[in-house]
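The values are calculated or read from the model by the stated rules, or taken from the named source; none is laboratory data. Note that this is a predicted model, so its numbers are computed, not measured. Using ideal geometry, Cβ is built from the backbone for each residue, glycine included, and neighbour counts are taken over all protein chains shown. Calculation scope for accessible area: heavy atoms of the full protein, side chains included, ligands and nucleic acids excluded. Shrake-Rupley method; radii C 1.70, N 1.55, O 1.52, S 1.80 Å.
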Amino acid sequence: MLEIKKIIKYAGSVSAGTMVSRVFGYIRDMLVAYMFGAGMYADAFYAAFRIPNLIRRMLGEGSFSAAFIPVFSEYLHTKTKSETQKLINVVFTSLTVVLLIFTILGVFFAPILVKIIAYGFTSDPEKLQLTIELTRLMFPFLLFICLAAMLLALLNTLNSFFIPAIAPANLSFAEIIYMLALAPLLSPGNQIKGLAISVIFGGLGHFAMQYPVLKKLGWHLKFDFNFTHPGIKKIVFLMIPSIIGISVDQINTFVDTICASFLGDGSITALYYSGRLMQLPLAIFGLALATVSLPMMSKSAAVKNIDELKETLNLSIRFSIISLVPAVAGLIAIGLPIIQVLFERGKFDYAASLLTNNALFYYSLGLPAFAVTKIFANTFFSFQDTKTPVKIAFVVMIFHVILCVLLMYPLGVGGLALATSLCAYMNTAMLLYKLKQKIGAIGAKKILFSSIKACAAATIMGIIAYALMQINIPSIFLRLCLSIVVSVAAFAILLKLFKSPEMEFLLKTVISKLKS
């Protein structure tokens, strides 16, 4: 019971912070859609943004966090504070040096990187050149956002979750302020370049918001150029396979981008917006639980408490499933009106909404698998095993490329999204097989029963949501609000009737919070 309370408490902090961050993210996306639509400027911006994001995933919250959190947790729970502070300092110094080198190289080699990432743009020299310029402008963002990711890893391991979860909103703040205050004064070409520069300020704000929390907890960042520290060696050793794994993941994303660049204007932007919508429930529920599970399982692994680790794993999966299955039903049933309410204005027209919904439909099918895959991978990371998830990811990558090529023309951008979802389920199955070999049974019976109840309730919920959108209320916004509120309430009531232990615990937690 103590473990489930911790998971819900910490995941609730992550979800609350993520919700705030995502709300501002959607405000930002609405402004970008209004100002630039789904044409050349938006495609160039999002293609350029993917490039520093690749390295961010390698050296930031992706491979770095997967390697750093277990090692930091080991130091935190088995060594002195001075030894642990020394680890923080040498890691901060090494990461800063590496990031500066990558930033300089990225600016210099931007033309080559863009031609690799968005080869389809080579047929449009103006679009290609704009993407190169935007890439160069945005690359310094890499330095600040990766250092911010280090702070996130530190704070999460120290059981501080809310501020790291809300800090990404700084990127949205910077872009929103720019688009409202400065962009109207500029020409369209300069508007998009200014937006790229605002991204850098967003990364700086992300870092600056978290550092005071770290100091309040009694830790700090100082330069220490001891590159031979044993902790550095261990982290680098763990990062190498993880970097390959993140690279595989990003290769999948870039395959999507390359394929989309051959499907016509707006395809890359449609993938971006559909991905953003799919990521909202994924981040609030699935990734929130994954974020909490890694430091908790790392602590259990460090002190050799396998039963506690398996309990955390089982609970994380069950709560992810009952959170994300209804999201699948909702996005399938009312995805198009959600897109229309959020983005359909200015240069983002009904055709862009249909294109985006095509991708969203197929992305939503993979939501549970995206979350469970992350949790399973975190289990391996907690044992300081970064090789197994990478080997599996490499096999999945091959199937992803094949599926993208096969599905892109019959289904358009929806085919690319479907390929991603199918491969997520393949990844989940392979990780589960290897995990059972490593730690034995993980309580599959409980997970199965929870999944069946959630799927049954979500199916009814989706029908209710779709039916309510057909009511003759002039305002699509009011219909959408009614549909979401009633269908979510129906899902909770149905799970309660089905005697779901997860829903019963959540309801008791909410009631006790309201009474206190």
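Right, LYS222: more than 17 Å from VAL98 (Cα to Cα) and surrounded by fewer than 16 Cβ atoms within 10 Å (Cβ to Cβ) or not? No: the conditions fail for LYS222.
As a summary of the residue check, ALA417 satisfies the conditions (1) aliphatic (A, V, I, L, M); (2) at pLDDT below 85; (3) open to solvent by less than 10 Å² (accessible area, probe 1.4 Å) except for the one numbered (2). All of TYR362, TYR350 fail the test of being aromatic (Phe, Trp, Tyr) and more than 20 Å from the chain's Cα centre (by Cα), apart from TYR350.
Residues checked against (1) of a type in the set (D, E, K, R); (2) free of Cβ contacts under 8 Å to residues at least 12 places away in the same chain:
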position: PHE394; (1), (2): no, no
position: VAL401; (1), (2): no, no
position: LEU411; (1), (2): no, no
position: LEU418; (1), (2): no, no
position: ALA424; (1), (2): no, no
position: LEU431; (1), (2): no, no
position: LYS436; (1), (2): yes, yes
position: ILE439; (1), (2): no, no
position: LYS446; (1), (2): yes, no
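Taking (1) open to solvent by 10 Å² or more (accessible area, probe 1.4 Å); (2) modelled with pLDDT of 85 or more in turn, SER73 satisfies each apart from (1).
Just to be sure before I move on: is ALA444 under 22 Å from THR312 (Cα atoms), of a type in the set (A, V, I, L, M) and out of contact with any His (no Cβ under 9 Å at 6 or more places or on another chain) in the structure I sent? Break it down stepwise before answering.
Working: under 22 Å from THR312 (Cα atoms): yes; of a type in the set (A, V, I, L, M): yes; out of contact with any His (no Cβ under 9 Å at 6 or more places or on another chain): yes.
Criteria met by ALA444.
Suppose the filter is open to solvent by less than 30 Å² (accessible area, probe 1.4 Å) and either at pLDDT 90 or above or within 26 Å of the chain's Cα centre (by Cα) (or both); does ALA458 pass it? Yes: the conditions hold for ALA458.
Considering only residues that are of a type outside the set (Val, Ile, Thr) and open to solvent by 80 Å² or more (accessible area, probe 1.4 Å), which ones fall in the stretch 103-115? Passing the criteria: LEU105, PHE108, PHE109, LYS115.
All of PHE109, PHE121, PHE144 fail the test of being more than 26 Å from the chain's Cα centre (by Cα), farther than 12 Å from PHE49 by Cα and in contact (Cβ under 8 Å) with a residue 40 or more places away in the chain, apart from PHE121. Going by the conditions given, is ILE251 farther than 25 Å from ALA454 by Cβ and of a type in the set (Val, Ile, Thr)? So ILE251 passes the test.
When only residues in the stretch 387-407 that are among the aliphatic types (A, V, I, L, M) and over 14 Å from ALA424 (Cβ atoms) count, which is modelled with the lowest pLDDT? Only one residue tops the list, namely VAL390. Across the stretch 167-194, the number of residues qualifying as among the hydrophobic types (A, V, I, L, M, F, W, C) and open to solvent by 30 Å² or more (accessible area, probe 1.4 Å) comes to 7.
All of VAL32, VAL20 fail the test of being at pLDDT 80 or above and buried (at least 22 other Cβ atoms within 10 Å of the Cβ), apart from VAL32. For GLY366, the conditions (1) within 26 Å of GLY330 (Cα to Cα); (2) modelled with pLDDT under 85 all hold with the exception of (2).
Give the residue that is most open to solvent (accessible area, probe 1.4 Å), with candidates limited to residues of the stretch 293-310 that are aliphatic (A, V, I, L, M) and part of a helix (DSSP H, G or I). Checked the stretch 293-310; the qualifying residue most open to solvent (accessible area, probe 1.4 Å) is ILE306.
Applying a threshold of 6 Å to beta carbon distances and a minimum spacing of six or more residues, or different chains, the list of pairs starting in the stretch 28-52 at a residue that is more than 21 Å from PHE139 (Cβ to Cβ) and assigned to a helix (DSSP H, G or I) and ending at one that is among the small types (Gly, Ala, Ser) and open to solvent by 10 Å² or more (accessible area, probe 1.4 Å) reads TYR34/GLY346.
Residues are listed down the side, and each one gets a yes or a no for (1) polar (S, T, N, Q); (2) open to solvent by 40 Å² or more (accessible area, probe 1.4 Å); (3) touching a residue at least 24 places away in the same chain (Cβ under 8 Å):
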{"site": "ILE235", "(1), (2), (3)": "no, no, yes"}
{"site": "LEU238", "(1), (2), (3)": "no, no, yes"}
{"site": "VAL255", "(1), (2), (3)": "no, no, yes"}
{"site": "ALA270", "(1), (2), (3)": "no, no, yes"}
{"site": "THR291", "(1), (2), (3)": "yes, yes, yes"}
{"site": "THR312", "(1), (2), (3)": "yes, no, yes"}
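Taking LEU280, is it crowded, with 23+ Cβ neighbours inside 10 Å, part of a helix (DSSP H, G or I) and not β-branched (Val, Ile, Thr)? When the stated conditions are applied, LEU280 does not pass them.
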